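None of the figures in this text is laboratory data; all of them are computed from the coordinates on show. Bear in mind the structure is a predicted one, so any value in this text is a computation, not a measurement.
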Amino acid sequence: MKVNPYHSTNPTDPDVYHDHDDCPSGQQIPWQNKRSGTNGYRRCEHCRNKG
Ligand SMILES: [Zn+2]
């Protein structure tokens, strides 16, 4: 399902944002590292493929 943009605050994670809640890469972000917004990042490839 498409959701509002979110990203990880973990510096070791790639600088991308997600906008699907079933993104395999977005699902790996623990709740404490999850922030809403794009943070100026580009869109995650998995999310791009989901449309
Ligand atoms: Zn994603």
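Per residue Cα convex hull volume for the chain, in cubic angstrom?
Numbers: hull volume 3.4 nm³, N = 51.
Cα convex hull per residue, to the nearest whole number: 68 Å³.
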**Fill in**
Once phi for every residue in segment 30-38 is put through the Karplus expression 6.51 cos²θ - 1.76 cosθ + 1.60 (θ = phi - 60°), the whole-Hz ³J(HN,Hα) values, with Gly and Pro written as x, are x, 4, 6, 9, 8, 10, 7, x, 8
**Asked** When the Karplus curve 6.51 cos²θ - 1.76 cosθ + 1.60 is applied with θ = phi - 60°, which whole-Hz ³J(HN,Hα) does each residue of segment 3-14 get, with x for Gly and Pro?
**Response** 10, 5, x, 9, 8, 9, 8, 6, x, 7, 7, x
**Request:** Search the structure for amide H atoms under 5 Å from the amide H of His20, placed 1.01 Å from N in the peptide plane, and list their residues when 5 or more places away or on another chain.
**Result:** Val3
**Request:** For the chain, give the share of DSSP beta bridges that are antiparallel, in percent and rounded to the nearest 5; count only bridges with both residues there.
**Result:** 75
